[in-house]
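J.: The structure is given below, and queries will be raised subsequently.
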Amino acid sequence: MAARILISALFSFVMLVIPLTSPISYVFAEGESDQYCDDTEISTANQYWDFSGHTLAQSFTPTQKNLDSIMVGIAMGADNPKLVIIEVRKITGGDALIAARSIAGSTALVSWVELDFTGTELDTNNQYQIIVSTESTTAHWVYSTASCYAGGTAIVDGAAQANQDFGFVTTGSGGASPATVETPATETPAAETPTTATTTIISEPTAVKAEYQAATKTIKISWTKSTTTDIDGYKIYRSEIQTKGYKKIAEAKKEIVEHSDTTFSAEKTYYYFIRAYKGTAESANSTIVSVTTPKAETVVEAVVEPEKTITAIDPGNDGNNNYQQPLIVWILGGAVGALVIALIVYEIIRARKNPKDTGDSFRLLK
């Protein structure tokens, strides 16, 4: 019994001491730290880029195919806690949004803001970028000049920053992805799913309408401009189900307030909403509108019958203008001729027997 108590106490001591003496491992939820830059320069917040007026991102190359969480080193400054949005986008093979999350920030000097990305799948054959934005006007993202991360770099307004890495940590699990063949450039990319993280800094479009145009056989979507003037344009999303399944079908410049949708089927209901956007930030959804397309038009082709010539049939004509009498005429003619011959023979026989009666039959025939 005493031995069991001693072993249990020793085990508890080891479990307490190891985390205090080991390097930071950032163990969260399901996964363990995968990619990170968290050196001492990050904690002192001596170098940073302001979010105000800049688009900030950090590229990274995962070694785990399941992304479990992301932490970023952000100083909110004197501003009150504001919404922090973290997006993960695929760099290799096209700028495709993978996932987005949001959380309220902190007023601490440097706050490791952590967001749960459980269920997000990555391809370890590709490179990704973490894009961070916030509603705060004083917040900034701290970076290191020691090139503390070899798998990527800090990106400011789309330009890679030499020898700079923003403070970040990703956790993951599941091991590496199998090797993949690069997608041909001619293949059409999948439609973009709307990000779940939106911002109130950009106002959404209003007065959205959707109408089927019979003359042009298109669906016309129109809207009133966002009251936010500093935007890049609008994104049009569509679904066949009102509550889910929306995909981006088009983008429009900020001067444009309508779009014609031509990719639809007959006798279906489609739902639309519009978002104003600037960079990676998008407004809230506009009002959802719907339109039902009519039945497909049936084209009836007139069937033209060929002209028919009616030809009178002459029974005496064999088709080659050789006229021949019908059989009944020959039968009747033969019968009459036979009767006449019989009468003549009869009269001749009578005349020989009785000469006085000669000619009676002939007179009868007359």
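The values are calculated or read from the model by the stated rules, or taken from the named source; none is laboratory data. The structure displayed is predicted, hence computed values, not measured ones. Positions of Cβ are generated from backbone atoms using ideal geometry, with glycine treated the same way; all protein chains shown enter the neighbour counts.
J.: Ser52: within 25 Å of Ser144 (Cβ to Cβ), modelled with pLDDT of 85 or more and in a loop (DSSP other than H, G, I, E, B), yes or no?
T.: Yes; evaluated as a whole, the condition is true for this residue.
J.: Right, here's the next one. May I ask you to list the residues in the range 139-159 that are touching a Lys or Arg at 6+ places or on another chain (Cβ under 9 Å) and surrounded by fewer than 19 Cβ atoms within 10 Å (Cβ to Cβ)?
T.: Of everything in the range 139-159, nothing turns out to be touching a Lys or Arg at 6+ places or on another chain (Cβ under 9 Å) and surrounded by fewer than 19 Cβ atoms within 10 Å (Cβ to Cβ).
J.: Residues of the range 160-179 being surrounded by fewer than 15 Cβ atoms within 10 Å (Cβ to Cβ) and more than 32 Å from the chain's Cα centre (by Cα), which ones?
T.: Listed by number, the residues that qualify are Ala162, Asn163.
J.: While we're looking at this one, here's another question. For residues that are within 18 Å of Glu267 (Cβ to Cβ) and of a type in the set (A, V, I, L, M), scanning just the range 211-231, find the one that is modelled with the lowest pLDDT.
T.: Looking at the filtered set, the residue picked out is Ala214.
J.: I'd like the full set of residues that are surrounded by 14 or more Cβ atoms within 10 Å (Cβ to Cβ) and either closer than 20 Å to Ser290 by Cα or among the acidic types (Asp, Glu) (or both), limited to the range 218-231.
T.: Correct list: Thr218, Ile219, Lys220, Ile221, Ser222, Trp223, Lys225.
J.: Would you confirm, using the coordinates I've provided, whether Thr229 is of a type in the set (Ser, Thr, Tyr) and touching an Asp or Glu at 6+ places or on another chain (Cβ under 6 Å)?
T.: So Thr229 fails the test.
J.: Are any of the residues in the range 261-279 part of a strand (DSSP E or B), of a type in the set (Val, Ile, Thr) and not assigned by TED's automatic domain parsing to the domain that holds Phe51?
T.: There is at least one residue in the range 261-279 that is part of a strand (DSSP E or B), of a type in the set (Val, Ile, Thr) and not assigned by TED's automatic domain parsing to the domain that holds Phe51.
J.: Report whether or not Leu109 is in a strand (DSSP E or B) and either modelled with pLDDT of 80 or more or over 21 Å from the mean Cα position of the chain (by Cα) (or both).
T.: In short, no.
J.: If you go through the range 127-153, how many residues are closer than 16 Å to Pro62 by Cα and in contact (Cβ under 8 Å) with a residue 24 or more places away in the chain?
T.: Number satisfying all stated conditions: 10.
J.: Out of the range 265-292, which residues are among the small types (Gly, Ala, Ser) and under 12 Å from Trp223 (Cβ atoms)?
T.: The answer is Ala276, Ser283, Ser286.
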